[in-house]
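Undergrad: Structure incoming, see below.
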Amino acid sequence: MRAALAQVAQSAERPAGSAGRAPRAGRRGASLLRVHLSTIGQRVRLCTVRAAGPGAEHGAGAGPGASGCPPRVPAPRPAAPPANPSGRRVPTTRVARRGPRPLSSAPPDGSWRGPLRCRTGRDRTLPTVTQKRADVEKTGETDRSALPATGWAVLGLLSFGDELSGYDLKKWSDRSLRFFYWSPSFSQIYGELKRLEKAGYVSARSVAQETGHRDKRVYVITDEGMAAVRHWAREAPVEPPVLKHGVMLRLWLGHLLEADRMREVLGRHREYAETMRQRAETDGADTRAGEAGAPPSLVAKWSQRYYAAERDLADAMLADLTELAELTDRDERGGRRT
């Protein structure tokens, strides 16, 4: 290897032309080439000595400078952490994680919530969703505040004392709840029935049908469920209704619409309000008589008045649009004359 490097260096020093002295540029390139070749030779010699083993680094019996390579110095190891004889938690520096937590790090059982670090330095462990579900299945208890409003509505339909199926509850909610609250879907009704049955608020049984189809599952409210829905109706805070009027939102953007399109939107809303008023009047006549049926009949009458008011408001706004159009035309004609 050394002989090959020397031969390359001699060929680099040889003049490029005929006999005579080499030009200055050639001498400078030859000197740079010698420097690079010497550096490469040192690296090759160092790698050869290290590959031969620890005993051959300084040669056989030679001193440290025989091979020209300095001895290798091992890197210092990090110091061990100090002992903690008291057993207390040693505060450590935590690096803030950037971005959301990866999904792959979530445990398979769903208990993603771990110990919460408070400002006081104590660890407060919050119950996980899996633990809450296990407690409900073990004790059969459900927090009253945990029930959604739809659950209370389904339990309220059963509070009239009848034994009803999920299909019966859906039909009844379409004739009553839809006019002042909303009518839940079949999946929501059956989901709330399972929740109420697990809490002990309703009981269920299977009834054979005369048509030969599969058995029908009917539900009835229990004493505990009656007490719970009575407590909710009496003690629940009075929340203001949330008004989300899509028609008014579109008319609020009337500067982006034509006048004819605004009248068309209002006309469709008026037809809808009148249709709902008529249905509320028809379904209100089918409400239950007696002491339990008096409040539902009052709510049905309120629904009729509400949709009648929506119809009248649409008529009034149509008149306002006509008046606004007349004023705009009058101003335009006055501007043309001047």
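Undergrad: Return the subset of Lys171/Lys198; Lys170/Lys198; Lys194/Lys301; Lys170/Lys216; Lys170/Lys194; Lys194/Lys244 for which the Cα-Cα distance in this structure is over 22 Å, preserving the input order. Don't jump to the answer; show the numbers that get you there.
TA: On the way: Lys171/Lys198 24 Å; Lys170/Lys198 20 Å; Lys194/Lys301 33 Å; Lys170/Lys216 15 Å; Lys170/Lys194 15 Å; Lys194/Lys244 31 Å.
Result: Lys171/Lys198; Lys194/Lys301; Lys194/Lys244 exceed 22 Å.
Undergrad: Here is a follow-up. May I ask you to compute the full-extension gain from Leu249 to Asp331, defined as 0.36 nm times their residue separation minus their alpha-carbon distance, rounded to one decimal in nm?
TA: 26.8 nm
Undergrad: To continue, here is another question. Could you state the per residue volume, in Å³, of the convex hull enclosing the Cα atoms of the range 135-235?
TA: 112
Undergrad: Counting only residues 5 or more places away or on other chains, whose amide H sits under 5 Å from the amide H of Val202 once H atoms are built in the peptide plane?
TA: The list, which skips near neighbours in sequence, is Glu197, Thr222.
Undergrad: In sequence order, what are the phi-derived ³J(HN,Hα) couplings for the range 221-232 according to the Karplus relation 6.51 cos²θ - 1.76 cosθ + 1.60 with θ = phi - 60°, rounded to whole Hz, with x for glycine and proline?
TA: So the J values, rounded to whole Hz, are 6, 9, 5, 5, x, 5, 5, 5, 5, 5, 5, 5.
Undergrad: Let me ask another. Which of the peptides 274-281, 161-168, 256-263 is most tightly packed, and how do the rest follow, going by the mean number of other Cβ atoms within 10 Å of each residue?
TA: Packing proxy ranking, top to bottom: 274-281, 161-168, 256-263.
Undergrad: Let me ask you something else. Could you give P(r) for the range 242-335, binned at 5 Å from zero, as whole percent values over all Cα-Cα pairs?
TA: Pairs per bin, as whole percents: 2, 12, 17, 17, 14, 11, 9, 6, 5, 3, 2, 1, 1, 0.
Undergrad: Continuing with the same structure: Near the amide H of Ser165, under 5 Å away, which other amide H atoms are found, from residues 5 or more places off or on another chain, if H is placed in the peptide plane?
TA: Here the answer is Tyr219, since their amide H atoms fall under 5 Å of that of Ser165.
Undergrad: Let me ask you something else. At a Förster distance of 30 Å, what's the computed FRET efficiency of Asp223 paired with Trp182, Cβ-Cβ distance as r, to 0.05? Before the final figure, lay out the partial values.
TA: On the way: r = 29 Å, r/R0 = 0.95.
For R0 = 30 Å, the calculated efficiency reads 0.55.
Any read-out appearing in this document is the output of simple, stated calculations on the displayed coordinates, not a laboratory observation. Quick caveat, the model's predicted, so the values are computed rather than measured. Heads up, the Cβs are rebuilt from the backbone with ideal geometry, glycines too, and the neighbour counts pull from every protein chain shown.
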